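Chemist: Have a look at the structure that comes next, please.
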Amino acid sequence: MTFAEAAERILSQAGKPLHFRDITERAIELKLIEVDGQTPWNSMNGTLRRLIRQQGEQVPFVSLGDGMFGLREWGLAPRRLPQAQAAPRRERRHKLLPTDYKWRTVADRVRDRLSQRPGFPLFAQMYRGLSGLFIWGLCSMASGLTLLVGHRSSFVQGLAGQFLLWGAAHSTVAYRGMGSVIQQDQAATRAEASPPEMQAQKVWYRQLLLASTAVGLLAMLFGWTMHNRREDEPRQRGTGLGLFTQGSFWLVTSLLHLWLASDRHTRD
């Protein structure tokens, strides 16, 4: 099946506009296309844009801008209208612009990312850990914003700052990591990864968890020191408590996943 045929089927099944990366991921997951290179989403985007540019209304999909594509039968306005039919700037402000789809699809893309399930047990475990990290990051940011809105003391500001900083870092790293795990799982599935290759991945995963455990322990110790030695500086004490809380999460979750990744637990 060609990229265009796969895109038409994916969009028809979704019933809504999708980003070309999402179209590509779903097509690969359903094994509708064969991928040779490292960036199949670029091939999908280039193919769809080229067909729209060359064939115009003869192709079944339209470009909505910002990498979004939809089916022509839905009656969506394409990204660029002919000059003779272009509306004045003042009128265009009241029409549905392609950029409106960008923010509407953020929640859908996050939900789709969280709902994916890798096939290999090791990648599935990594994915669950990253999913938990992503949710913890969102909760940390929400907690930090709540503290900033409800209180004005220096102690609470220091605590909220750490929750916002760590929460943003957790969410960003976890979201990108989940995408990377899905790609590795798909590549391993297509290449039929051998046991030695998966064992090498497992060793790398354990080393990453050990490093994460060390980071959590250091953050806890540093946060505890700041909280106890800075009695005359409320903001620093709040920062220390935030570091201690986030470090505790890193330490506990890293140790838990180390236990889950152990050979003894795997055999049991």
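The values are calculated or read from the model by the stated rules, or taken from the named source; none is laboratory data. Predicted model, so just to flag it, every value in this text is computed and none were measured. In this analysis, Cβ positions are derived from the backbone assuming ideal geometry, glycine residues included, and neighbour counts consider all displayed protein chains.
Chemist: Is there a residue being part of a helix (DSSP H, G or I) and farther than 30 Å from Lys31 by Cα anywhere in the stretch 194-201?
Modeler: The initial filter retains those residues of the stretch 194-201 that are part of a helix (DSSP H, G or I), namely 195-201.
Still in the list and also farther than 30 Å from Lys31 by Cα: none.
There is no residue in the stretch 194-201 that is part of a helix (DSSP H, G or I) and farther than 30 Å from Lys31 by Cα.
Chemist: Examine the stretch 82-97 for a residue that is at pLDDT 65 or above, surrounded by fewer than 18 Cβ atoms within 10 Å (Cβ to Cβ) and either within 26 Å of Phe134 (Cα to Cα) or basic (Lys, Arg) (or both), and state whether such a residue exists. Reasoning before the result, please.
Modeler: Taking the stretch 82-97 first, the residues at pLDDT 65 or above are none.
For the stretch 82-97, residues at pLDDT 65 or above, surrounded by fewer than 18 Cβ atoms within 10 Å (Cβ to Cβ) and either within 26 Å of Phe134 (Cα to Cα) or basic (Lys, Arg) (or both): absent.
Chemist: Let me ask another. Can you name every residue in the stretch 36-61 that is out of contact with any Asp or Glu (no Cβ under 6 Å at 6 or more places or on another chain), over 23 Å from Ser115 (Cα atoms) and in a loop (DSSP other than H, G, I, E, B)? Can you show your working first?
Modeler: If we filter the stretch 36-61 for residues that are out of contact with any Asp or Glu (no Cβ under 6 Å at 6 or more places or on another chain), which is where we start, we get 36-59, 61.
From what's left, over 23 Å from Ser115 (Cα atoms): 36-38, 42-43, 45-59, 61.
The answer is Asp36, Gly37, Gln38, Val59.
Chemist: Tally up the residues in the stretch 108-124 that are in a loop (DSSP other than H, G, I, E, B) and within 15 Å of Arg21 (Cα to Cα), please. Steps first, answer last, please.
Modeler: From the stretch 108-124, those in a loop (DSSP other than H, G, I, E, B) are 116-120; that's our starting set.
Within this subset, residues satisfying the condition of being within 15 Å of Arg21 (Cα to Cα) are 116.
Residues meeting the conditions: 1.
Chemist: In the stretch 248-261, which residue that is without any contact (Cβ under 8 Å) to a residue 60 or more places away in the chain and buried (at least 18 other Cβ atoms within 10 Å of the Cβ) is farthest from the chain's Cα centre (by Cα)?
Modeler: Going through the stretch 248-261, the residues without any contact (Cβ under 8 Å) to a residue 60 or more places away in the chain turn out to be 248, 250-252, 254-256, 258-259.
Narrowing further to those that are buried (at least 18 other Cβ atoms within 10 Å of the Cβ): 250-251, 254.
Details: Trp250: 19, Leu251: 23, Ser254: 20 Å.
Checking each candidate, the answer is Leu251.
Chemist: I'd like the residue in the stretch 10-34 that is of a type in the set (Lys, Arg) and surrounded by fewer than 16 Cβ atoms within 10 Å (Cβ to Cβ) and, out of all such residues, is farthest from Thr189 (Cα to Cα). It would help to see each step written out before you state the result.
Modeler: Within the stretch 10-34, the first condition is being of a type in the set (Lys, Arg), and the residues that meet it are 16, 21, 26, 31.
Keeping just the survivors that are surrounded by fewer than 16 Cβ atoms within 10 Å (Cβ to Cβ) gives 16, 31.
Working: Lys16: 28, Lys31: 11 Å.
So the residue we want is Lys16.
Chemist: Please tell me if Glu5 is modelled with pLDDT under 90, crowded, with 21+ Cβ neighbours inside 10 Å, acidic (Asp, Glu) and not in a loop (DSSP other than H, G, I, E, B). Working first, answer last.
Modeler: Working: modelled with pLDDT under 90: yes; crowded, with 21+ Cβ neighbours inside 10 Å: no; acidic (Asp, Glu): yes; not in a loop (DSSP other than H, G, I, E, B): yes.
Taking the combined requirement at face value, the residue does not satisfy it.
Chemist: Are any residues in the stretch 115-153 within 22 Å of Gln236 (Cβ to Cβ) and at pLDDT 85 or above, and if so, which ones?
Modeler: If the condition is that a residue be within 22 Å of Gln236 (Cβ to Cβ) and at pLDDT 85 or above, then Ser140, Met141, Ser143, Gly144, Leu145, Thr146 are the ones that fit.
Chemist: Next up: For the stretch 168-226, which positions are under 12 Å from the mean Cα position of the chain (by Cα) and of a type in the set (Phe, Trp, Tyr)?
Modeler: Tyr175
Residue by residue, here is whether (1) surrounded by 15 or more Cβ atoms within 10 Å (Cβ to Cβ); (2) farther than 20 Å from Leu255 by Cα holds:
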site	(1), (2)
Leu133	yes, no
Trp136	yes, no
Ser140	yes, yes
Val156	yes, yes
Thr172	no, yes
Glu197	no, yes
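Chemist: Just name the residue that is modelled with the lowest pLDDT out of those in the stretch 225-247 that are surrounded by fewer than 16 Cβ atoms within 10 Å (Cβ to Cβ) and in a helix (DSSP H, G or I). First the steps, then the outcome.
Modeler: Step one: of the stretch 225-247, the residues surrounded by fewer than 16 Cβ atoms within 10 Å (Cβ to Cβ) are 225, 228-229, 231-233.
Those left that are additionally in a helix (DSSP H, G or I): 225, 228-229.
Numbers: Thr225: 87, Asn228: 82, Arg229: 76.
Among them, the one singled out is Arg229.
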